[in-house]
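Read through the structure below, which is laid out as structure tokens, and then see the notes.
The values are calculated or read from the model by the stated rules, or taken from the named source; none is laboratory data. Bear in mind that the values here come from a model prediction, so they are computed numbers and not experimental data. Here the Cβ positions follow ideal geometry from the backbone for every residue, glycine too, while neighbour counts run over all protein chains shown. Quick note on the areas: whole protein, heavy atoms, side chains included, nothing else; ligands and nucleic acids left out. Shrake-Rupley method; radii C 1.70, N 1.55, O 1.52, S 1.80 Å.
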Amino acid sequence: MTTGLLVFQSDFGKSDGAVSAMHGVANAVQRGIPIYEITHQIPQYNIWEASYRLLQAIGYWPDNTVFVSIVDPGVGSERRGIVAKTVNNHYIVTPDNGTLTHVAQFIGITEVREIDETINRLPNSGESHTFHGRDIFAFTGARLAAGVIQFNDIGPILDTEKVIALPLKISKIIDEVITGNVDIIDRPFGNLWTNISRQQFKEIAQQHGDSFEVAITTDGRTIYNNIMTFGRSFADLHIGEPLVYVNSLDNIGIAINQGSFADAYRVGTGTNWQVTIRKAPRIVYE
């Protein structure tokens with residue numbers, strides 16, 4: 001049984017009525033249904049970021065919360081609409097296009113069902129094929145959250161191994177050199193969030209104040225290579241100085257104190273943005 005909590009994310013922005021229309025559909029299912037947002041500022045068509053933002057937020061919500069994630073460049077095509085149930089009893093309503101990648105890898109999914117549009121589609125919307133976020137996903141998510149339907153009513157069970165996944169790389173450590181990638185940009189601050197865990201980093205980092213050589217490469221080009229300090233927080237460094245730190249997801253972040261690292265070096269995200277960290281001599285400030 002779901003809890004009635006409905007959480008949206010999309011790449012729609014809020015400059016038009018798209019988000020409001022989804023809220024309207026949900027309220028037509030159950031007036032006053034509790035609706036919240038992760039974000040509607042996902043870069044357009046960026047399925048990778050949609051996947052990551054779900055991972056960032058989902059663990060802090062009560063079990064049985066229903067999430068509706070719509071970043072859907074294939075809207076109107078043959079791609080499936082699905083609902084996934086996680087090991088922590090959250091539900092994710094989304095296109096089958098890779099949006100479940102990070103949750104499946106780092107949390108776990110127990111069951112996936114394909115949305116049967118013959119029963120789980122906004123009435124009188126069948127001739128429209130460009131706003132499934134409203135007509136299928138918001139409608140289905142609201143009905144699930146409100147208890148109008150149960151998970152078993154969504155549609156047929158799918159093989160979880162056949163759900164589309166984006167390519168992921170796992171960080172690794174060899175001879176005290178850690179290699180990972182930039183998973184996401186911490187906007188609006190411009191910090192880089194990597195896939196390197198705190199536990200892995202602590203294999204080469206003994207204490208705050210230790211110095212590290214950090215290199216960032218993409219497509220065979222070195223974008224950045226410099227020495228920076230392991231800071232407990234941004235305030236440990238002077239304004240404008242770079243640091244590595246443990247972010248709110250217990251992974252390693254890279255930042256400039258009160259500056260945007262991503263903008264300063266034009267860093268992107270994904271598996272082709274590699275981060276290498278190795279121990280360097282300790283920096284001593286006068």
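Go over the candidates Gln44, Gln30 one by one and state the one that is within 17 Å of Asn120 (Cβ to Cβ) and open to solvent by 60 Å² or more (accessible area, probe 1.4 Å). Spell out how you get there, then give the answer.
Details: Gln44 fails: within 17 Å of Asn120 (Cβ to Cβ).
Going through Gln44, Gln30 in turn, just one is within 17 Å of Asn120 (Cβ to Cβ) and open to solvent by 60 Å² or more (accessible area, probe 1.4 Å): Gln30.
Return yes when Ile70 is among the β-branched types (Val, Ile, Thr) and open to solvent by less than 30 Å² (accessible area, probe 1.4 Å) and no when it is not. Walk me through it before giving the result.
On the way: among the β-branched types (Val, Ile, Thr): yes; open to solvent by less than 30 Å² (accessible area, probe 1.4 Å): yes.
Yes.
For region 129-173, name all the residues that are within 30 Å of Gln200 (Cα to Cα), β-branched (Val, Ile, Thr) and part of a strand (DSSP E or B).
Taking region 129-173 as the starting set, the residues that turn out to be within 30 Å of Gln200 (Cα to Cα) are 160-161, 163-173.
The next check asks that each one be β-branched (Val, Ile, Thr); those that pass are 160, 163-164, 170, 173.
Correct list: Ile173 only.
Any residue that is open to solvent by 40 Å² or more (accessible area, probe 1.4 Å) and touching a helix residue (DSSP H, G or I) at 6+ places or on another chain (Cβ under 8 Å) - is there at least one of those in region 95-102? Steps first, answer last, please.
Here is the first cut: in region 95-102, the ones open to solvent by 40 Å² or more (accessible area, probe 1.4 Å) are none.
No, every residue in region 95-102 fails to be open to solvent by 40 Å² or more (accessible area, probe 1.4 Å) and touching a helix residue (DSSP H, G or I) at 6+ places or on another chain (Cβ under 8 Å).
Mind checking whether some residue in region 7-17 is of a type in the set (A, V, I, L, M), assigned to a strand (DSSP E or B) and touching a residue at least 24 places away in the same chain (Cβ under 8 Å)? Don't jump to the end; show me each part of the working.
Going residue by residue through region 7-17, those that are of a type in the set (A, V, I, L, M) are 7.
So of that shortlist, the ones also assigned to a strand (DSSP E or B) come out as 7.
Retained after the next criterion (residues that are touching a residue at least 24 places away in the same chain (Cβ under 8 Å)): 7.
Looking for residues that are of a type in the set (A, V, I, L, M), assigned to a strand (DSSP E or B) and touching a residue at least 24 places away in the same chain (Cβ under 8 Å), one finds at least one in region 7-17, hence yes.
Here are Asp63, Asp72: which of them is acidic (Asp, Glu) and within 19 Å of Phe139 (Cα to Cα)?
On the way: Asp63 fails: within 19 Å of Phe139 (Cα to Cα).
Selected residue: Asp72, the only one of Asp63, Asp72 that is acidic (Asp, Glu) and within 19 Å of Phe139 (Cα to Cα).
Only residues in region 50-63 that are among the basic types (Lys, Arg) count as the first member; pair them with residues that are open to solvent by 10 Å² or more (accessible area, probe 1.4 Å), Cβ under 8 angstrom, at least 6 apart or cross-chain, and list the lot.
What qualifies is Arg53/Ile38; Arg53/Thr39.
Given Asp175, Asp236, Asp250, which one is at positive phi, open to solvent by 20 Å² or more (accessible area, probe 1.4 Å) and in contact (Cβ under 8 Å) with a residue 12 or more places away in the chain? Explain how you work it out, then say what you get.
Numbers: Asp175 fails: in contact (Cβ under 8 Å) with a residue 12 or more places away in the chain; Asp236 fails: at positive phi.
Answer to the check: Asp250.
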